[in-house]
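Below: the structure, in C-alpha cells.
Just so you know, all these numbers are worked out from the coordinates, no wet-lab data involved. Since this is a predicted model, take the numbers as computed values, not measurements. Here the Cβ positions follow ideal geometry from the backbone for every residue, glycine too, while neighbour counts run over all protein chains shown.
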Amino acid sequence: MESLTLNHFLTLSAVLFSLGVFGVMTRRNAVVVLMGIELMLNSANINLIAFSRYNGNMDGQMLAIFVIVLAAAEAAVALAIILNLYSNYNTVNLDEVDQLKE
Amino acid sequence: MTQETLIQAAIAVLLLPLVSYLVQLAAGRRLPRQGDWLATGFLGLAFVLALTIALYFLSAFDQTLVYSANFQWLNLGKDWSIQIGLKLDNLSAVTLAMVTLISFLVHLFSIAYLHDDDRYATYFGYLGLFTFSMLGIVLSDNLFSMYMFWELVGLSSYLLIGFWFHKKEAAAASTKAFVTNRIGDIGMWLGILILWSQFYTVNLDEIASGIQNGQFTLSTGWLTLGGILLFMGAVGKSAQFPLHVWLPDAMEGPTPVSALIHAATMVAAGVYFIARVFIILTPDALTVIAVVGAFTAFMAATMALTQNDIKRILAYSTVSQLGYMIMGLGVGAYSAAVFHLFTHAFFKAALFLGSGAVIYAMHHEQDIREMGGLRKKLPVTFVTYLIATSALAGLPLFSGFLSKDAIIAGGWGWASFQGGGWYTLIPSLGLAAALLTAFYMGRQVFLVFFGEPRNQDKFDHAHEVPAVMWIPLVVLSVLSLFPVFSLNPLAGDSGWFMNLIPSLQSVVPGVDGAARLAGLAELTHHAHWTTVVSSILMTLTGLAIAFVIYMKKAVDADKLAASLRPLYLMSFNKWYFDELYEVTVVRGNIVLAKVSAFFDTFVIDFLVNVTGFIVGFFGLLVRKFQTGKVQSYIAFAVIGILVFFVLKGIL
Amino acid sequence: MILSALIFIPMLAALLLILVPKEKTDLFRWIALAASSIQLVLVAFLIQNYDQSLAGINQAETYQFVEKFDWIRVSAGSYGILEITYFLGVDGLSLPMLILTALVGLIGVISSFTIDKHVKGYFISYLILLSAMTGVFVALDFFLFYLFWELMLIPMYFLIGIWGGPRREYAAIKFFLYTFIGSLLMLLVIIGLYFSYVTNPGAAPEQMVHSFSMVSMMNQQNLLPGSLLSAEHWRHIAFLLMFLGFAVKIPMFPFHTWLPDAHVEAPTPISVILAGVLLKMGTYGLVRVMMPVFPESWLYFAWGIGLFGVINILYGALAAMGQTDLKKLIAYSSVSHMGFVLLGLASLSTEGVTGAVYQMFSHGLISAMLFLAVGVIYDRAHHREIDGFGGLAKQMPVYAGWTLFAFFASLGLPALSGFVAEALVFMGSFSQPVTQNLAIVSTLGMLITAIYYLWTYQKVFTGELNPKYAGYPDLTGRELTMLSVLGAAILIAGIYPSLLTDLMTSSVNHLNDLVKSAGTASAGLN
C-alpha cells in the first residue's frame, strides 16, 4: 500500500480550509461563521504538524499548540461577542448587523 | 606685582560690574536706596583696581609688555580647540582704566539724574551689564570672545536705549540700534569665519603670526575681504556710514547712558576692535577704512549743523569724531586714532553729562531754541561744557587738538605715501569736518549758554545741579586739558600716550611692514606743522562764523537757511538716510515677509490640502466597497488572494 | 535595566492612572510629576555613570547601559534566521536627547497643571507620549525604533485633537497623516534594509541572521551581496525615501506646514513637547540612522541637504516675520532654527555636526521656553494677536524680562545656548568647501531672526500699556519656576558648553570619520 505522503496532508488541509472559507463567506448565522473560522484554524494546524513531521523539527508542533491555545481564547471571546450581539440586536444574522459602515 | 596678581586683578575688574548687575537684578529693589551705592561702589572699586593695573603698565613704560592668560573653552577632541582668554598690554590696561572711570562717573551722575525713576534699581543693573561686556571686549585676546562680548554690548545698549520703553520712540530706537548693529555683526562674523577656516584658531596673536608665516593659503584678495568684513562690525558698532543711522535715535535713552555708551565707550569699541586687528589688515582694506571714516566724519558733521536737539547735535558729532578715529586707523595713524579714542571719550562724556545737567536743570527740555543765557544759572556746568567744547572743536591747549591734529597729519602723511592725487581728499575731508565741528559746537554753546533766555519760564526754574552731578563734569573736563596727555600743547606725539602705544607694523605678506611704518611716520612728521596751522585756522573760522551768526546776529540764521534751502534740508533731514532705508530695507523686508507668509499659507499649504482632498475623493469612490458586512470583506480578501495566485500562475 | 526603567516608568504610571478614579484630578498631576521626576533622576544617574571616551555609533560594544534580548527569532529555512531584538543603548548622540526629553517632559507636566478637561485621559496620553519619545532615543533595533516612533503618534493625535484649540481636529488629522505617510516610507526602507543586511556575513544561507539591529546595518561589511540595497542607485532611492520620512518630522521645507497648524491648536504643554522634543526626533533619525547607514548617499546629497537647511533658515525666518499670531511666529522660528541642524550635519565637520546636535538640544530648551512664555499671556488674554497687545512690560515686568531672555536666546545672543550651536554650525559649514557658499547665505538668517523677535517684543511689550490689560497679574510661582529652570539651563549651556559637548565629542567624531571613510570606500561598492 502506498504510504501516507506530505501531499495527502496538504490536500486534506486545503479541503478543510476551503470548506472553512466557504462557510465564513456564505453563512448568515454568526455561530456557523465561527465554526468556519475554527475549521480554517485547524486546517492550518494540520499543515503545521505535517511540515513538522516531514522536516523533522519541533517548530511546527510548537506553533500548532500556540494556535490551539489562541483558538480556544478566540472562541471564548467570539462567543461572548455573539451573545452580546444577540442581546443588542435580537439576532445573530450577520446581514442585519452592518453598523460598521457608519 | 606679579603676572598672576595682574591677571587676577583684571578678572576682578571684569567681574565686579557683572556682580553688580546680578545683585541689582535679584535684590536691587529690596536694598536701601535701591542699591545705587552698591553698584557705584562696585564700579569705584573696579576703577581703583583698573587704575592700579594701568599705573603698573605706565610705570613699566615698556611698549612690548604683554601679560595674557587663557583657558580652553571648547575642545571637540581634535588637534584644535577654542581658547578664550584675556590679554593685558598697554592698550587694554589704559582702556580698562578709562572705561571703568567713565562708567563710575556715569553711575555717580545717574544717582541724581534718575533718582525718581521707578526702575532705578534695574537701571544700575543694566549699567553693570554694559560695563562688564565692554570690559570683556577690552580684555579679550581672541576674536571669538570679542564677538561674544560685542553682542552682549549690543544687548545692554538695546536695554538701555529702550529703558523708557513706554515711549514708542525709545522702543523703536532700541530695536533699530540692535538690528543695525546685527548687520555689521554678520559681516564681522563672516570675517572671523574666514580667519577661522584658515587657521583653526581665534586667538589674535596666533592668527597674526599665521598670516606672517604665510599660512593664509587663500589669495590676498580674501585677506582684504576678511579685513573689510571685520571692519563691517566696527561700521555697525561705531556708527559709520552706511550704518550710522541708529546712533542719533539712540539718544532716546537716558542721557547718562548716552554719555557712557553712545559717546565714550561702546561706540569706541569698533575703533578698539579695528585697532586690535590692525596688523592683519591689508593696505587695500585700510584704504576702504580710511575712505569710510573720512566720509563719515564729514557727512555727520554736516548733519549736526542744523539739529535743534542738544543731544542729537552731540550724537552726530560723535559719529563724526568716530569717523576721525576710523580714518586715523585707515591711514595707518594707529596711535593717533587710539589717542583720539581716549581724548574723545573724556570730553564727549563731559559734553553728554553736561547736556544731561542742562536738560535736568531745564526740566527735561532738550530743544536748544528754548534755552539761552544759562551760564549765569549753571556756572559749573558752563565752565566744564566750555572746556569740553574747546577740546571737541580742537582748540590748542585742549586734549582734542592733540589727537585730532595727529590724525589729520597722519592723513596727509598717508596721502603723500600713496602718491598724492585723490588720496589727499581724505585728510581734506578731515579738515573740512574740523571747520564744521567748530561751527556747530560754537552754535550750540552760544545758543545754550549765552544770549538772552528764550523761554523765561523754564529759565527761571533752572538752577545749578547737585554735587554728584557736577563732580563728574569737573573730573572729565580736567581730563580734557592738554597736560594730562602731553606737556607740549601743540604736539601729541611727544606725550606719554603716543609713546606708550606706538603704531604697529603690518604682518600682511607682500607688504614691507617696517618700511611702510617708517615711511608713514616720516611723511606724517613732515606734515605736522602745516596741519597744526591749517587746523587751528579751520577751527577759528568755524567758531567765528558761529559767533557772527549766533552771538552778534550779524547774519540771520533763518534767512541763511532759506537762501541755502536745498543744502539746509539735506542737512536737517540727515541726508534722507532714514527715509531711504525705510523705503528700501524696511519696506522690502516687510513685503518679503508678507509674501513668504502668504506663499506658505496659500501655495504650499494649499498644495498639501489639495493632495488631501484628492486622496479624500478617491476615498469617497472606494467607500462603496465598505458594506459593513464582515463577510463581504472576507470575500474581497479571498478574491484578492486568488487573483495573486492566478497572477503567479500566469507569470 | 536602567534604560527600560527610563522608558517604562511613565508607561507604568499611565497604567496606575487608569486605576485612579477620575475625580481625583490632583492625584493625576502628582503621579505624572513623580514619574517624570524619576525619569530626570535616572537621566542624571546615566550622565553620572557615562563614559565619555566610548563612541557608540556602529560599534555595538561601545554603547553603554546596553540591554539586548532576543525578542523574536525564527528559522525560515533556506532564507535564514529572522531576528528581532530588544536592543537598547546610549551613546553621545542619544544622551543629550535623553537629557532634553526628561527636562522638557518634566516642565511639560508642570505646565499641564492648568489642564482641567478630562484630566485623566490627558495625563495617560501624556505619559505614554513620554515613554514613546524616550524609547525612540534609546532604541537600537529598527523594529523597536519604529514601534516607539508610531506609538508616539497616537497620544499626540489625541492630545492635539481633544485638548486643542478651535481647529484642533483639522490640525490633529494633518499632523497624523503627514507624519504617518513619512513613517510609512520609513517602514518601507526599514524592510528593505532588513532583507539586505545580515549580522553574520559569509555564513551558510540557512544560518544567516537577518536582524533589525541598526548597529549591524551601519557596518557595510554586513551588506548581503546581490541584495536590493547593495546597488548604489537603490541605496540612493532608499536614502531619499527614508530622508523624507524624517524630513516631515524636522520639519523640512516644503513639508513643514503641519507644524504651524499643530502648534497653534495644541495646548501649551503639548506645544512645548512638540517643539522641544518631537521635532528633534527627525534630526535624531538623521544622525542615528541616515548618516551611518547610508554614508555614501549622505555625502552624495550633502549639498542638497545643506541647501534645504538654508532654505529652512531663511524661508522660515521670513515667514515668521510675516505672522500675526504669536504661536505661529514661534512655530516658523522653529522651522528656521531646525535648518541650522541640517546645515551643520551637511557640513560633515566636527564643529558642524557638534553644532547641529547642540542646536537640537538648545532649540529644545529655547522653543520650550518660548511656547511657555506665549502660554502665559494666552492664559490671561485668551488671544495671541501680536498687534493686539502693547506695553505689557509695564504691567508684567518679570514676565517681560523672561520673554526677552527667551527671544534673545532664540536670536542667538552669546552666553546663551543658541549662540554656541549656531556659531559651531557656521564655523563647521564655512570651513568645508561643500557648504561654504551655503554658510555665507545663511548668516542672513541671524539678521532676519533679530528683526522679527525685536519687532514682536516692541509691539507686545513696549509703548503705552493697553488699558485692557491693566489688571493682569505678573507670573505666578509655577510659571516663574518653569521659565527660570529653562532659563538657567540655557544660560549654563551657553556659558560652559563643554558640559554637554564632552558627552558627545567622541561619538560625533566617530560618526564623522565613519561617514567620510565609508564615502571614500563607496567607489568599490556597486
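May I ask you to compute the full-extension gain from B:HIS461 to B:LYS553, defined as 0.36 nm times their residue separation minus their alpha-carbon distance, rounded to one decimal in nm?
Full extension of this stretch gives 30.4 nm more.
Would you pull out the residues with amide H under 5 Å of C:HIS118's amide H, same chain only if 5 or more places away, H placed 1.01 Å from N?
For C:HIS118, no residues qualify.
With charges set only on the Cβ (+1 for Lys and Arg, -1 for Asp and Glu), what does the dipole of chain B come to about its Cα centre, in debye to the nearest 20?
Charge dipole of chain B: 1460 debye, to the nearest 20.
With a Förster radius of 51 Å, plug the Cβ-Cβ distance of B:LYS624 and C:GLU464 into 1/(1 + (r/R0)^6) and report the FRET value to the nearest 0.05.
According to the calculation, E is roughly 0.20.
If you count the DSSP beta bridges with both ends in chain C, what percent of them are antiparallel, to the nearest 5?
Among the beta bridges of chain C, antiparallel pairing accounts for roughly 80 percent.
By counting other Cβ atoms within 10 Å of each Cβ, how are B:HIS115, B:HIS344 ranked from fewest to most?
The order, fewest Cβ neighbours first, is B:HIS115, B:HIS344.
Antiparallel versus total DSSP beta bridges in the protein assembly as shown: what percent is that, nearest 5?
90 percent
Starting from the Cα of A:THR5, step 7 Å along the direction of its Cβ; do the same at C:HIS236; then give the gap between the two resulting points in nm.
5.1 nm
So what is the 222 nm mean residue ellipticity for chain C from helices alone, if each DSSP H run of at least 4 adds -39500 (n - 2.57) and you divide by all residues, rounding to the nearest 500 deg cm²/dmol?
It lands at -23000 deg cm²/dmol.
Between C:TRP163, C:ILE2, C:HIS337, whose Cα lies farthest towards the positive end of the dipole of chain C when Lys and Arg beta carbons carry +1 and Asp and Glu beta carbons carry -1, centred on the Cα centre?
Farthest along the dipole direction, towards plus: C:TRP163.
Just flag the trypsin sites (Lys or Arg not before Pro) in segment C:98-202 sitting in loop per DSSP whose Cβ has no more than 10 other Cβ atoms within 10 Å.
C:LYS117
Using +1 on the beta carbon of Lys and Arg, -1 on that of Asp and Glu, and nothing else charged, what's the dipole of segment B:132-194 about the Cα centre, debye to 20?
Approximately 300 debye in magnitude.
Any chance you could check the Cα centroid distance between segment C:84-144 and segment B:341-389 for me, in angstrom?
One Cα centre to the other: 63 Å.
Between 0 and 90 degrees, rounded to the nearest ten: what's the tilt of helix B:220-237 against the longest Cα principal axis of chain B?
For B:220-237 against chain B, the angle is about 70 degrees.
Given the rule -39500 (n - 2.57) for each run of at least 4 DSSP H residues, summed and divided by the residues of chain B, what is its mean residue ellipticity at 222 nm, to the nearest 500 deg cm²/dmol?
Computed ellipticity for chain B at 222 nm equals -23000 deg cm²/dmol.
Could you tell me how far the Cα centroid of segment B:46-67 sits from the Cα centroid of segment B:440-518, in Å?
Each part reduced to its Cα centre gives a spacing of 22 Å.
In segment C:95-242, with Lys and Arg counted as +1 and Asp and Glu as -1 at Cβ, which of these residues, C:ILE110, C:ALA238, C:PHE137, has the Cα nearest the positive end of the dipole, that is, farthest along it?
Farthest towards the positive pole: C:ILE110.
Arrange the peptides C:24-37, A:10-23, B:272-285 so that the one whose residues have, on average, the most other Cβ atoms within 10 Å appears first.
Top to bottom by mean Cβ count within 10 Å: B:272-285, C:24-37, A:10-23.
Please report the spacing between the Cα centers of segment C:453-478 and segment C:298-343 in Å, no decimals.
So the separation of the two Cα centres works out to 28 Å.
Taking loop as defined by DSSP and a crowding limit of 16 other beta carbons within 10 Å, which GluC sites (Glu not before Pro) in segment C:129-219 fit?
Loop-located and lightly packed - none at all.
Starting from the Cα of C:VAL20, step 7 Å toward the Cβ, then list every residue of segment C:150-187 with an amide N under 19 Å from that point.
The answer is C:159, C:163.
Using a cut-off of 28 Å between alpha-carbon atoms, which lysines can reach C:LYS22, once sequence neighbours fewer than 8 places away in the same chain are excluded?
C:LYS117, C:LYS120
Note down the magnitude of the dipole of chain C about its Cα centre, charges +1 on Lys and Arg C-beta and -1 on Asp and Glu C-beta and zero elsewhere, to the nearest 20 debye.
980 debye
Starting with the fewest neighbours, write out C:LEU438, C:LEU16, A:LEU48 ranked by other beta-carbon atoms found within 10 Å of each beta-carbon.
C:LEU16, A:LEU48, C:LEU438
Give the value in nm², to one decimal: projected area of the alpha carbon convex hull of segment A:6-91, averaged over all directions.
5.5 nm²
For chain C, find the longest principal axis of its Cα atoms and tell me its angle to the long axis of helix C:477-495, 0 to 90°, nearest 10.
With rounding to tens, the tilt is 50 degrees.
Name the shape class, rounded, prolate or oblate, that the alpha-carbon gyration tensor gives for segment B:1-128, where a ≥ b ≥ c are the square roots of its eigenvalues, rounded holds for a/c under 1.5, and otherwise prolate holds if a/b is larger than b/c and oblate otherwise.
Oblate, because a/c is 1.5 or more while a/b does not exceed b/c.
Could you tell me which residue out of C:GLY316, C:THR403, C:HIS382 lies farthest along the dipole of segment C:294-513 toward its positive end? Charges go on the beta carbon: Lys and Arg +1, Asp and Glu -1, centred on the Cα centre.
C:HIS382
Which whole-percent values make up P(r) of the protein assembly as shown when all C-alpha to C-alpha distances are grouped in 20 Å steps starting at zero?
Taking every Cα pair in the protein assembly as shown, the percentages come to 10, 34, 31, 15, 7, 3, 0, 0.
Going by alpha carbons, how many degrees (0 to 90, nearest 10) lie between the helix axis of B:334-361 and the longest principal axis of chain B?
Relative to chain B, helix B:334-361 is tipped by roughly 90 degrees.
Over the Cα atoms of segment C:294-513, Rg to Rh with Kirkwood Rh, two decimal places?
1.03
Could you list C:PHE145, B:PHE450 so that the one with the fewest beta carbons within 10 Å of its beta carbon is first and the one with the most is last?
By the 10 Å Cβ count, ascending, the order reads B:PHE450, C:PHE145.
How much mean residue ellipticity at 222 nm does chain A get from its helices, if each DSSP H run of length 4 or more adds -39500 (n - 2.57) and you divide by all residues, to the nearest 500 deg cm²/dmol?
It comes out at -27000 deg cm²/dmol, rounded to the nearest 500.
Place a point 7 Å from the Cα of B:PHE71 along the Cα-to-Cβ direction; which residues of segment B:23-43 have their backbone N under 13 Å from it?
Of the residues in segment B:23-43, none has backbone N under 13 Å from the label point off B:PHE71.
C:PHE8 label point, 7 Å along Cα→Cβ, cut-off 17 Å on backbone N: hits in segment C:47-73?
Flagged as within label range: C:66-72.
Give the calculated FRET efficiency between B:ARG454 and B:LEU397 to the nearest 0.05, with a Förster radius of 25 Å applied to their Cβ-Cβ distance.
0.20
Report the calculated FRET efficiency for B:ARG30 and B:LEU490 (r = Cβ-Cβ distance, R0 = 41 Å), to the nearest 0.05.
E between B:ARG30 and B:LEU490, to the nearest 0.05, is 0.15.
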